[in-house]
1. Can you confirm whether Glu112 is in contact with a strand residue (DSSP E or B) (Cβ under 9 Å, 6 or more places away or on another chain), assigned to a strand (DSSP E or B) and modelled with pLDDT under 90?
2. Determine, yes or no, whether Lys7 is under 28 Å from the mean Cα position of the chain (by Cα) and either part of a helix (DSSP H, G or I) or modelled with pLDDT under 85 (or both).
3. Kindly indicate which of Leu88, Leu32 is outside the structural domain of Ile139 (by TED's automatic domain parsing) and either out of contact with any His (no Cβ under 6 Å at 6 or more places or on another chain) or not hydrophobic (A, V, I, L, M, F, W, C) (or both).
4. Of the residues that sit in region 127-166 and are small (Gly, Ala, Ser) and surrounded by 14 or more Cβ atoms within 10 Å (Cβ to Cβ), which one is nearest to Ser97 (Cα to Cα)?
5. What residue, among those in region 70-85 that are aliphatic (A, V, I, L, M) and not in a helix (DSSP H, G or I), is surrounded by the most Cβ atoms within 10 Å (Cβ to Cβ)?
6. Suppose the filter is surrounded by 15 or more Cβ atoms within 10 Å (Cβ to Cβ), modelled with pLDDT under 85 and assigned to a strand (DSSP E or B); does Lys117 pass it?
7. Can you find a residue that is among the small types (Gly, Ala, Ser) and touching an Asp or Glu at 6+ places or on another chain (Cβ under 7 Å) anywhere in region 50-72?
8. If Ser97 satisfies all but one of (1) among the hydroxyl-bearing types (Ser, Thr, Tyr); (2) in a helix (DSSP H, G or I); (3) touching a helix residue (DSSP H, G or I) at 6+ places or on another chain (Cβ under 8 Å), what's the number of the condition it fails?
Amino acid sequence: MKLSMEKRYIVPAAVVLALILSIVMVSVSMSLKKKHSALLEQQNELMQLKEQYLTLRDSLAFVESKKSLTKVAGITQAVDEIFRSLGLSQKVKSVKSTGTWDRKYAIEDEAEVQLEKVNMNEMVNIFYKIENAPMILSIKKTAMKTSFDSPTLMNITMTVSLIKPK
């Protein structure tokens, strides 16, 4: 009689134990799913940061390579080199140095350049050449007016800066 009484409690105890075990397994599984989704979000953020880092590293390498390619004495020589390479030296009316500033990591040399009777194609070539020059050049300000002689030609006044590392 005693043996049958113990068998009677074994089956429900096993069922209760299996139920408790399954509840624990489900809660652990849900916890692991939450951790997995959080790790996936972190991985996506890190991938975005990696892409931004690679982009910035490439642009920095580009600028670093430009600063060591050409040795120019000042902004007037740099502007002369740009316009001479385009064959537009005769269209440069004046190059006036407006100052030199000592920045934290570089020296900025600035000049005002006046051009006369430049057509649109030449203007695009000038901007392209300044952007892709083998030195760090920056156009700070540009003013364009149509020429008195012909409405298809422009008179351009621009402020150009040469940035040289210290």
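1. Against the criterion (in contact with a strand residue (DSSP E or B) (Cβ under 9 Å, 6 or more places away or on another chain), assigned to a strand (DSSP E or B) and modelled with pLDDT under 90), Glu112 does not qualify.
2. no
3. The unique qualifying residue is Leu32.
4. Checked region 127-166; the qualifying residue nearest to Ser97 (Cα to Cα) is Ser161.
5. Filtering region 70-85 for residues aliphatic (A, V, I, L, M) gives 72-73, 75, 78-79, 82.
Okay, now just the ones that are also not in a helix (DSSP H, G or I), so 72-73.
Values: Val72: 18, Ala73: 10.
This residue is Val72.
6. no
7. no
8. The number of the failed condition is (2).
The values are calculated or read from the model by the stated rules, or taken from the named source; none is laboratory data. Fair warning: this is a prediction, and the values are worked out from it, not measured in the lab. When we count neighbours, we look across all protein chains shown, and the Cβ atoms used for this are built from the backbone with ideal geometry, even at glycine.
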